[in-house]
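Down below is the structure, laid out as structure tokens.
The values are calculated or read from the model by the stated rules, or taken from the named source; none is laboratory data. Predicted model, so just to flag it, every value in this text is computed and none were measured. A quick note on method: Cβ atoms are made from the backbone with ideal geometry, for glycine too, and the neighbour counts reach across all protein chains shown.
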């Protein structure tokens, strides 16, 4: 596969969550998972947990919008942003080990 290692691991984690939530993407999940280096299984598992939290928060946002509860939706968006910062740090740590891709995002940090 022609993906940087951090992207490959992240995509494998994303497909795992999609399959876990009922989407018929087993072949994609398996293809990406087979390419995950054994030394990165712990990071893969951590990314799966992060993506699971993001998925659940997206579901909560949908429910919040249905109830017109925009304050809760905004809070959830902030939580997703924070999870994405952690995700980016994990991907960058993987990339630095492989002299590979570095994810650059400019997420402002807010004091809450």
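The figures follow:
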| quantity | calculated |
| --- | --- |
| Single unsatisfied condition, residue 3 versus (1) modelled with pLDDT of 95 or more; (2) surrounded by fewer than 17 Cβ atoms within 10 Å (Cβ to Cβ); (3) within 18 Å of residue 88 (Cα to Cα) | (1) |
| Qualifying residue in region 83-95 (condition: touching a helix residue (DSSP H, G or I) at 6+ places or on another chain (Cβ under 9 Å), at pLDDT 95 or above, surrounded by 15 or more Cβ atoms within 10 Å (Cβ to Cβ) and farther than 13 Å from residue 6 by Cβ) | yes |
| Count of region 22-40 residues which are touching a helix residue (DSSP H, G or I) at 6+ places or on another chain (Cβ under 6 Å) and in contact (Cβ under 8 Å) with a residue 24 or more places away in the chain | 4 |
| Output for region 13-25, where each listed residue is in a helix (DSSP H, G or I) and surrounded by fewer than 12 Cβ atoms within 10 Å (Cβ to Cβ) | none |
| Those residues of region 29-52 which are in a helix (DSSP H, G or I) and surrounded by fewer than 17 Cβ atoms within 10 Å (Cβ to Cβ), in sequence order | 30, 31, 34, 38, 39, 41, 42, 45, 46, 49, 52 |
